[in-house]
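A.B. asks: Quick one: this structure, given as structure tokens, is what I'll be asking you about.
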Amino acid sequence: MAPVQMPNEERVAYTDAYLTIDYSRQAVTLESRPVELTSKEFAMLAFLAGHAGEILPREAMLAAVWGYNDQVRTRTLDVHLARVRKKLGPLGHRYIETVFGSGCRFQPQMTAVRSVA
């Protein structure tokens with residue numbers, strides 16, 4: 001298995017209205033609270049954020065994060081996506097969008113959403 005290459009190594013962090021990803025410390029905060037991620041979960045989220053707005057095929061994510069080739073059939077990506085979405089709470093599905101038949105896309109959240117009560 002190939003080593004994981006962290007995206008945007010020249011960047012110190014990704015930050016938007018809710019989420020901060022500190023690449024050098026491998027730390028994530030959501031609304032100023034720490035989010036506990038495994039190393040693979042962090043690598044996957046960092047890879048997605050490093051390609052924000054782009055639709056990334058499953059094969060590209062499996063190759064970049066796990067070192068798998070396109071011949072590998074596995075559900076590990078789906079499991080990790082579900083875990084990271086859950087850890088990001090209600091914003092998980094807003095950050096990590098599944099594009100049916102194509103892959104996934106990381107969607108930055110630039111403005112705070114106000115809830116109507």
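The values are calculated or read from the model by the stated rules, or taken from the named source; none is laboratory data. All of these numbers come straight from a predicted model, not from anything done at the bench. Note: ideal-geometry Cβ built from the backbone for every residue, glycine included; neighbour counts use all protein chains shown.
A.B. asks: Residues of region 22-33 being exposed (fewer than 15 other Cβ atoms within 10 Å of the Cβ), closer than 17 Å to R85 by Cβ and of a type outside the set (K, R), which ones?
C.D. replies: E31
A.B. asks: To continue, here is another question. Residue under question is R73, and the condition is that it be modelled with pLDDT of 95 or more, basic (K, R) and not in a helix (DSSP H, G or I); does it hold?
C.D. replies: No: the conditions fail for R73.
A.B. asks: Name the single residue that is farthest from V35 (Cα to Cα) among those in region 53-98 being in contact (Cβ under 8 Å) with a residue 60 or more places away in the chain and in contact with a strand residue (DSSP E or B) (Cβ under 9 Å, 6 or more places away or on another chain).
C.D. replies: Applying the filter and picking the extreme gives A64.
A.B. asks: Report whether or not F47 is over 24 Å from F100 (Cβ atoms), under 12 Å from the mean Cα position of the chain (by Cα) and modelled with pLDDT of 95 or more.
C.D. replies: no
A.B. asks: Right, another one. Give the residue, chosen from G92, G101, that is more than 22 Å from Q26 (Cα to Cα) and out of contact with any Phe, Trp or Tyr (no Cβ under 8 Å at 6 or more places or on another chain).
C.D. replies: Only one candidate passes the filter, namely G101.
A.B. asks: From the set of residues in region 60-70 that are surrounded by 13 or more Cβ atoms within 10 Å (Cβ to Cβ) and more than 19 Å from R105 (Cα to Cα), which is modelled with the lowest pLDDT?
C.D. replies: Y68
A.B. asks: Quick one: T38 ticks every box in (1) of a type outside the set (K, R); (2) at pLDDT 95 or above; (3) surrounded by fewer than 16 Cβ atoms within 10 Å (Cβ to Cβ); (4) within 23 Å of M110 (Cα to Cα) bar one, so which box is it?
C.D. replies: Just one mismatch for T38, condition (4).
A.B. asks: Moving to a separate point now. Name the residues in region 11-23 that are among the β-branched types (V, I, T) and either modelled with pLDDT under 50 or over 21 Å from A63 (Cβ atoms) (or both), would you?
C.D. replies: Within region 11-23, V12, T15, T20 meet the criteria.
A.B. asks: Taking N8 and the conditions (1) modelled with pLDDT under 95; (2) surrounded by 15 or more Cβ atoms within 10 Å (Cβ to Cβ); (3) in a helix (DSSP H, G or I), which numbered condition does it fall short on, given that it satisfies the others?
C.D. replies: If we test N8 against (1) modelled with pLDDT under 95; (2) surrounded by 15 or more Cβ atoms within 10 Å (Cβ to Cβ); (3) in a helix (DSSP H, G or I), just (3) comes out false.
A.B. asks: For residues that are free of Cβ contacts under 8 Å to residues at least 40 places away in the same chain and in a strand (DSSP E or B), scanning just region 27-52, find the one that is farthest from A63 (Cα to Cα).
C.D. replies: The selected residue is R33.
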